[in-house]
Amino acid sequence: MIGAAHAETFLHEHVPLTRQMQVRVTGCDPEGVLLAAPLAPNINHVGTVFAGSASALAMLAGWTLIHARLAEWPFETTLVIRRARIDYDHPIDGDYEAWCPSPAADQWDRFGADLRAGRGRLELAVEVRREGRRMARFNGVYVALRNEEGDQPCPD
């Protein structure tokens, strides 16, 4: 699994929005992924986080978790989100973070078996937080497709 620094570099190089949002990868390990973003570049007209920014950070947390795991695999994949839903509990009035815990081992095993056959699907839950308090709940279904170009290691 790639670490936080590598994940952040990848996001900033390949997903330009993450630079604009000033996303930081503050945790990336087998337990899960934690992304953080400041209020200032994500603010709306009433002084809270723009809902799209909160949703994007949550979606990116799930995507980053799977991407970090797939980096270990001996073949290339394409990772996309199939479905996303977010429920907002409270306005986010400051810097915020998105926590995506790793799913259970049996879910990873099933995802891996399906991906080896061509296509894996994984549903992830993410919490958007402000100072440790849950502000929103996100659920996303991610799909990874095995690329047909051969079993080549993914480039760094």
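Leaving out ligands and nucleic acids, and using a 1.4 Å probe, what accessible area per residue does region 1-147 come to in Å²?
Details: 7260 Å² over 147 residues.
Accessible area per residue, region 1-147: 49 Å².
Which listed residue (39, 77, 66) has the Cα farthest towards the positive end of the charge dipole for the chain, taking +1 on Lys and Arg C-beta and -1 on Asp and Glu C-beta about the Cα centre?
Going by the charge dipole, the pick is 39.
Taking the Cβ-Cβ separation of residue 51 and residue 29 as r and a Förster radius of 25 Å, what is the calculated FRET efficiency to the nearest 0.05?
The value I calculate is 0.30.
Over the chain, how many percent of alpha carbon pairs lie in each 10 Å bin up to the one with the longest distance?
Taking every Cα pair in the chain, the percentages come to 11, 41, 34, 12, 2, 0.
In percent, what relative contact order does the chain have, based on Cα pairs under 8 Å that are 6 or more apart in sequence?
Details: 314 pairs, mean separation 39.3, N = 156.
It comes to 25 percent, rounded to a whole number.
Arranged from highest to lowest average of other beta-carbon atoms within 10 Å per residue, in what order do the peptides 135-146, 10-21 appear?
Averaged packing, sorted descending, gives the order 135-146, 10-21.
Pop out the Kirkwood hydrodynamic radius of region 1-66 from its pairwise C-alpha distances, inverse of mean 1/r, in Å to one decimal.
12.0 Å is the Kirkwood radius here.
For region 52-105, with all protein chains present and a 1.4 Å probe, just round the carbon and sulfur fraction of the accessible area to a whole percent.
Roughly 52 percent, rounded to a whole number.
If the convex hull of the alpha-carbon atoms of region 101-145 is projected onto planes in all directions, what is the mean projected area in square nanometres?
3.4 nm²
The values are calculated or read from the model by the stated rules, or taken from the named source; none is laboratory data. Treat the numbers as computed from the prediction; the structure is a model and nothing was measured. Note that we place each Cβ from the backbone using ideal geometry, even for glycine, and neighbour counts take in every protein chain shown. Just so you know, the surface numbers come from the protein's heavy atoms only, side chains and all, with ligands and any DNA or RNA stripped out. Shrake-Rupley method; radii C 1.70, N 1.55, O 1.52, S 1.80 Å.
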